[in-house]
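Written below as structure tokens is the structure these notes are about.
The values are calculated or read from the model by the stated rules, or taken from the named source; none is laboratory data. Everything numeric here is computed off the predicted structure, so don't read it as measured data. Here the Cβ positions follow ideal geometry from the backbone for every residue, glycine too, while neighbour counts run over all protein chains shown. Calculation scope for accessible area: heavy atoms of the full protein, side chains included, ligands and nucleic acids excluded. Shrake-Rupley method; radii C 1.70, N 1.55, O 1.52, S 1.80 Å.
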Amino acid sequence: MFDVARHFFTKHEVKQYIDAMVKYKYNLLHLHLTDDEGWRLEIKGLPKLTDVGAWRVKKEGNFGDFIPPTPNEPRDYGGFYTQNDIKEIIQYAKDRYVDILPEIDVPGHSLAAIASYPELSCTPGAEKYQVRSGEKIMDWSRGAPPIALVDNTLCPANEKVYAFLDTVLTQVAALFPFEYIHLGGDEAPINFWQKSDAVKALMQREGMKRIEEVQGYFERRVKTIVEAKGKKFIGWDEILENPMPANTTVMSWRGMKYGIEAAHKGHEVVMSPTTYAYLDYMQGDQITEPKVYASLRLNTSYEFEPVPKGVDPKLIKGAQANLWTEQVYNIRQAEYMTWPRGMAIAESAWSPSSKKNWPTFFSKVENHFDRLDLAETKYSPSVYDPIFKATRAADRSLAISLSTEAPEIDIYYSFDNSEPDRFYPKYTGTLNPPKDATMFKVVTYKGKKKVGRIISMPIDELNKRAGKR
Ligand code: ACM
């Protein structure tokens, strides 16, 4: 899954991504085409989706914490695919034996659509909403579903929403030959629905007792529209929080658990769990990576077993890696986030677990690093970087332990602010930094070859991680 909504990637970049994925036997590209930050697909008869919905203010830094845009900042950053672009991408993919699964993410994650057509919202004042440029719009402090600060949901109680989706899905179904259409369904907030008289009236009419049931009503209606276009309905695992017919397919993203439960109820499942398959998570120490709220190292990705014990394997349609792009600003970084973890997930999808072996796999990864170097593909060398562990010794002083994911790696270090090489002290066990040290620098070697990056870790940062002195 490639999220082309949070940051837009041109059709040439999508082709470049397809060229890279097929080398590792990925045969399906799920395009996340719509979100709060952009609507990326031309829909005839709904021109504002791409005149308004595809554009936002260009911002760089920590996406999610941006200063809200001012009215005079130009909304000229983004883009969309014309229907001809999509046909070209589909043909390019087909020539490489890749199918394309389109996703229209509703009812949440819909701010770009609402900014284009405010009548799709239940909330008064939605005419003032704008496509998100990376400012805060959700409060996650109480967990999922988030509390929305602006209403980014389509109104389930408004017939115009279903007419809108009918128009969109008619064209999506005609454009994409793949048998499924993905309708999202993840992370839909309920706090604006709770305030809506239209939603209250809908609940009364349909005999719904709990606000959570409203999404179930929406999903069943949307599924009917998808099927009327001759397609099968798939969505993120939240769509099964309400009763759905057995021919509803889910992508299990909140771990494996929801996929296992779905399969036990007879639903088809694609496994794409955060625990193993989230390519947007940080691969190495957060000091080296654009900051994301979670980490996923290569060796953990390699533990992915898409067909859990006790589940009918026929119901597990496949395994999928997800590249969300809030913190991915360009195609080079998309490559960096995908490789080498994409290799671990591909091998997990295609190989029986009895054939999987971490050291053997890793030696193959190293050969592929040489290939990626020649191809000038960006990839992450984080697997060579040490894992830092900061704790308190018995006297409450800082104790630093290091370990490595990659086998047969030596770590060299300094506390004197100079850059270590293999003639510096070699790490052999827990270290207590000198009293005056402010920086701990490390580098890794395989024999005489430098393999990791020089990492400069502030002692203050390690003290913070170790907790109270
Ligand atoms: C998701 O990661 N919200 C599907």
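All but one of (1) under 16 Å from Y24 (Cα atoms); (2) within 16 Å of the ligand (Cβ to nearest atom) hold for S351; which doesn't? Against the list (1) under 16 Å from Y24 (Cα atoms); (2) within 16 Å of the ligand (Cβ to nearest atom), S351 comes up short only on (2).
Can you tell me which residues in segment 424-446 are in contact (Cβ under 8 Å) with a residue 24 or more places away in the chain, of a type outside the set (D, E, K, R) and open to solvent by 40 Å² or more (accessible area, probe 1.4 Å)? Residues satisfying the conditions are T430, N432, M439. Filter segment 54-76 down to the residues that are over 21 Å from the mean Cα position of the chain (by Cα) and not β-branched (V, I, T), then identify the one that is surrounded by the most Cβ atoms within 10 Å (Cβ to Cβ). In this case the residue turns out to be P69. When each of R205, R142, R220 is tested for being open to solvent by 10 Å² or more (accessible area, probe 1.4 Å) and part of a loop (DSSP other than H, G, I, E, B), the lone residue that passes is R142.
Residues checked against (1) within 24 Å of N299 (Cβ to Cβ); (2) in a loop (DSSP other than H, G, I, E, B):
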| position | (1), (2) |
| --- | --- |
| R396 | no, yes |
| P433 | no, yes |
| V442 | yes, no |
| K464 | no, no |
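Any idea how many residues of segment 87-112 are in contact with a Lys or Arg (Cβ under 6 Å, 6 or more places away or on another chain) and either open to solvent by 10 Å² or more (accessible area, probe 1.4 Å) or within 15 Å of the ligand (Cβ to nearest atom) (or both)? The number of residues fulfilling the criteria is 2. When N299, N247 are checked against the criterion of being in contact with a His (Cβ under 9 Å, 6 or more places away or on another chain), at pLDDT 95 or above and open to solvent by 10 Å² or more (accessible area, probe 1.4 Å), N247 stands alone in meeting it.
Listed conditions (1) assigned to a strand (DSSP E or B); (2) more than 19 Å from R396 (Cα to Cα); (3) not aliphatic (A, V, I, L, M) are all met by E419, apart from (1).
Restricting the first member to segment 96-113 and to residues that are in contact (Cβ under 8 Å) with a residue 40 or more places away in the chain, and the second to residues that are buried (at least 23 other Cβ atoms within 10 Å of the Cβ) and of a type in the set (S, T, Y), the beta-carbon pairs closer than 7 Å and six or more apart or on different chains are I104/T34; D105/T34; P107/T153; G108/T153; S110/T153; A112/T34; A113/T34.
Of the helices (runs of 4 or more DSSP H) lying entirely inside segment 227-321, those carrying at least 3 residues that are farther than 25 Å from K25 by Cα and within 16 Å of the ligand (Cβ to nearest atom) are 257-264. Among residues of segment 145-158 being open to solvent by less than 30 Å² (accessible area, probe 1.4 Å) and of a type in the set (S, T, N, Q), the one that is nearest to V57 (Cα to Cα) is N152. Just one of the numbered conditions (1) modelled with pLDDT of 95 or more; (2) within 16 Å of the ligand (Cβ to nearest atom); (3) at positive phi is not true of G134: (2). Of all residues in segment 390-423, those being surrounded by 12 or more Cβ atoms within 10 Å (Cβ to Cβ), of a type in the set (F, W, Y) and either free of Cβ contacts under 8 Å to residues at least 12 places away in the same chain or within 27 Å of P359 (Cα to Cα) (or both) number 2.
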